[in-house]
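All remarks here apply to the structure that follows.
Since every read-out is calculated from the coordinates, none of them should be taken as a lab result. Note that the coordinates shown come from a computational prediction; the quantities given were computed from them, not determined experimentally. No Cβ is skipped: glycine too gets one built from the backbone with ideal geometry, and neighbour counts run over all protein chains shown.
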Amino acid sequence: MAVLTISRHFGAGGRTLGEKVAQQLGYTLYDDELIQMVAQKAKVSVSWVENMEKEAGGAFSKFITNLIPRAFMDRLLDDNKGYLDEEIYIDILTKLIQKIGDEDKAVIVGRGAQYVLRDHPDAFHILMVADLEDRVQFMEDHYELSPKQALQIVNRQDKRRMNLYRKFGREDYDNAELYHLVLNMSKLNLDKAVQVVLKLLENGGA
């Protein structure tokens, strides 16, 4: 049993690969599911968490946090009226990922899991990269998008990924040294990549 974390350039096929690996191993996949879990813990809406993840650089979140007195925030939480800021988001997300890691048999897509579980003895971390044109083509093929729509989504999600890692205070998320395996999806097809990942888990990273 193991935990697999997938960091990826958007459009490199991270969720699709995660789904295939999870299905073959009987593991649980966590991607947007983590948004729902954070929302439940914080007692806020899913859209609040989504906006927290998209918001650029944390400036707006920090502005709001500074405007609201801590005593008022504590009262909101005590009354079971949810609240979420950057600090709370990172705390909840980290604890959720740690709990998933302890439960094992999981595939976690994105959200800094490679950092949270970096010392987990049974966690394996992969990075999926691809050329921009290949990522755009992947989105066209798998989500029935026009070239313009696909490019817009890839660019928007690249920015979202960068902003999310800023919340962890990290900029080295594409550093190959963080990972057991780096997959260049411009040179691999998805089925081959799945087999490589399954072999990695089967051999325990050896």
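Count charges around Q149 for me, please; just the other residues with Cβ under 11 Å from its Cβ, Lys/Arg as +1, Asp/Glu as -1.
Neighbourhood net charge equals 0.
For region 123-206, what Kirkwood radius comes out of the mean inverse Cα-Cα distance, in Å?
Result for region 123-206, one decimal place: 14.5 Å.
Can you give the Rg to Rh ratio of the chain, both from alpha-carbon atoms, with Rh computed by the Kirkwood formula?
Rounded to two decimals, Rg/Rh equals 0.99.
Taking the Cα atoms only, what angle lies between the long axis of helix 190-202 and the longest principal axis of the chain, rounded to 10 degrees?
80
Determine which lysines satisfy two conditions relative to K187: a Cα distance under 22 Å, and not lying fewer than 8 residues away in the same chain.
Within the straight-line cut-off, K187 pairs with K20, K199.
Please report, to one decimal in angstroms, the Kirkwood hydrodynamic radius of region 76-172 built from all distinct Cα-Cα pairs.
Computed over Cα pairs of region 76-172, the Kirkwood hydrodynamic radius comes out at 15.9 Å.
Between E33 and N155, how many nm apart are label points set 7 Å from Cα along the C-beta direction?
Rounded to a tenth, the inter-label distance reads 3.4 nm.
So what's the angle, to the nearest 10 degrees on a 0 to 90 scale, between helix 132-143 and the longest Cα principal axis of the chain?
Result, in degrees: 80.
Compute the acute angle (0 to 90°) between the alpha-carbon long axis of helix 86-103 and the principal axis of greatest extent of the alpha-carbon atoms of the chain; round to the nearest 10°.
So the helix axis and the longest Cα principal axis differ by about 50 degrees.
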